[in-house]
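Notes for the one structure printed next.
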Amino acid sequence: MPEVDKEGERYAADRPQQTPGFYLKGSHQLDWGMKNRLARVFAPASGRTVMLAVDHGYFQGPTTGLERIDLSIVPLLQSCDALFCTRGILRSLIPADTGKPMVLRASGGPSILREELSDEEIAMDMDDAVRLNAAGVGIQVFIGGDFETRSVHNMTKLVDAGLRVGIPVMGITAVGKNMVRDAKYFRLACRIIAELGAQYVKTYYVEDGFDTVTASCPVPIVMAGGKKLAELDALTMAYNAVQQGAAGVDMGRNIFQSAAPQAMIAAINAVVHKNLKPKEAYELFSSLKTKG
Ligand code: 5RP
C-alpha cells in the first residue's frame, strides 16, 4: 500500500507551468533542431505522444510479444507517434521508409541474469543516432541504485552529446527491485533527471500524488507502461496519467502483450490524444477487437 502523500499542496498541480512560444513544457528555450525533433514525437495538436516501447530485448532478449518484431510490431508502426527501440532492431527490422520518428535506447550492460541492473554504460555513440536520423535517445537512470553516480553521469554525457547535435534525451527512472515506488521517490528521480538536462522523462504512474510528480518536473513526462495489466486497467492508468499532467505514454507490454494489440493501441491513442474516458476507451478496444 503506498504511503499517503501529505506534501501535495506545495506543488500547485492545479497551476500548470507556462509554455511560452512552444507548446511543450520547459522546451521553449531549446534550439530549432531539438524542438523540431520533439515536435516529431509529441503531436503539436495535442502536445502528447503515444510512444510504442519495444526496447526490452536490450537486457531481456526475446520478450513475450517481441519474439518476432517484424510480425508483431511493424504492423503497429502506423498507429504510434514514435517507436522506442534499439539500434539493432532499427537496422535489422524497421523499414527505413517509415515516416515515424525513432527514439533509440542508448544504455545497456547487465542482462536479466544479473542481480544489479544499475551497472549500465552508454551503449551507443551520438554519431550513430545522427546517422540513424533519430528523433531522440533514451537512457535508464538508477536513482538510489548501487551504480547511481555512474548512471547519472551516463545520462549527463549523453545530454552533452545530444546538445551538440540537437538530439533530445529521454531520461528513464529505473526502479530497483526493493525500492518503494511512490510519488516521493518519483519526484526525486524525475527532478534530478530534468535538472541534469534531459529534455523529457519517462516514469511510472503512482495512484497517490502523480500530479505532484508531473508538477515538480519542469520538462514533459511520459508514462511508462510496466507489467501487463487487464486492458481496462491499463487504459485507466494512461487516462489518469495524462489527466494528471503526463504528456503521453511510452508503453510496451500493455500494448504488444494485449490479446488485440492493434485495438489496444487505437484505444490508448484515443485516451492520450482525445481524452477519451477509460470506460469508453475500453468499449472502443472491445469493438475493434471483435472486428479485427
Ligand atoms: C524500462 C524500459 C523498458 O525497456 C521498456 O521500454 C518498458 O516498457 P513497458 O514497461 O511498457 O513494457 O524503458 O524502464
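Where a number appears in this text, it was derived from the coordinates with a stated rule and is not lab data. Note that the structure is a prediction, hence the values are computed from the model and not measured. Here Cβ is always computed from backbone atoms with ideal geometry, including for glycine, and neighbour counts include all displayed protein chains.
General remarks:
- Selected residue [within 28 Å of T212 (Cα to Cα) and buried (at least 22 other Cβ atoms within 10 Å of the Cβ)] from V137, V180, V152: V137
- All of (1) over 30 Å from S111 (Cα atoms); (2) in contact with an Asp or Glu (Cβ under 6 Å, 6 or more places away or on another chain) hold for Q29 with one exception: (2).
- Filtered residue count, the range 191-206, keeping only those that are within 26 Å of T63 (Cβ to Cβ) and either in contact with a Cys (Cβ under 6 Å, 6 or more places away or on another chain) or not aliphatic (A, V, I, L, M) (or both): 6
- Selection within the range 203-247 - farther than 15 Å from L24 by Cα and in contact with a strand residue (DSSP E or B) (Cβ under 6 Å, 6 or more places away or on another chain): T203, Y204, Y205, M223, A224, G225, A238, A241
- The one condition in (1) in contact (Cβ under 8 Å) with a residue 40 or more places away in the chain; (2) within 16 Å of the ligand (Cβ to nearest atom); (3) buried (at least 21 other Cβ atoms within 10 Å of the Cβ); (4) not acidic (D, E) that R48 fails to fulfil: (2)
- Those strands (runs of 3 or more DSSP E) of the range 40-151 in which at least 2 residues are among the small types (G, A, S) and in contact with a Phe, Trp or Tyr (Cβ under 9 Å, 6 or more places away or on another chain), considering only elements entirely within it, cover 136-141.
- Odd one out for A13 among (1) surrounded by 11 or more Cβ atoms within 10 Å (Cβ to Cβ); (2) at positive phi: (2)
- Where a residue in the range 21-45 is on the phi > 0 side of the Ramachandran plot and its partner, wherever it lies, is in a helix (DSSP H, G or I), with Cβ under 8 Å and at least six apart: G26/A194
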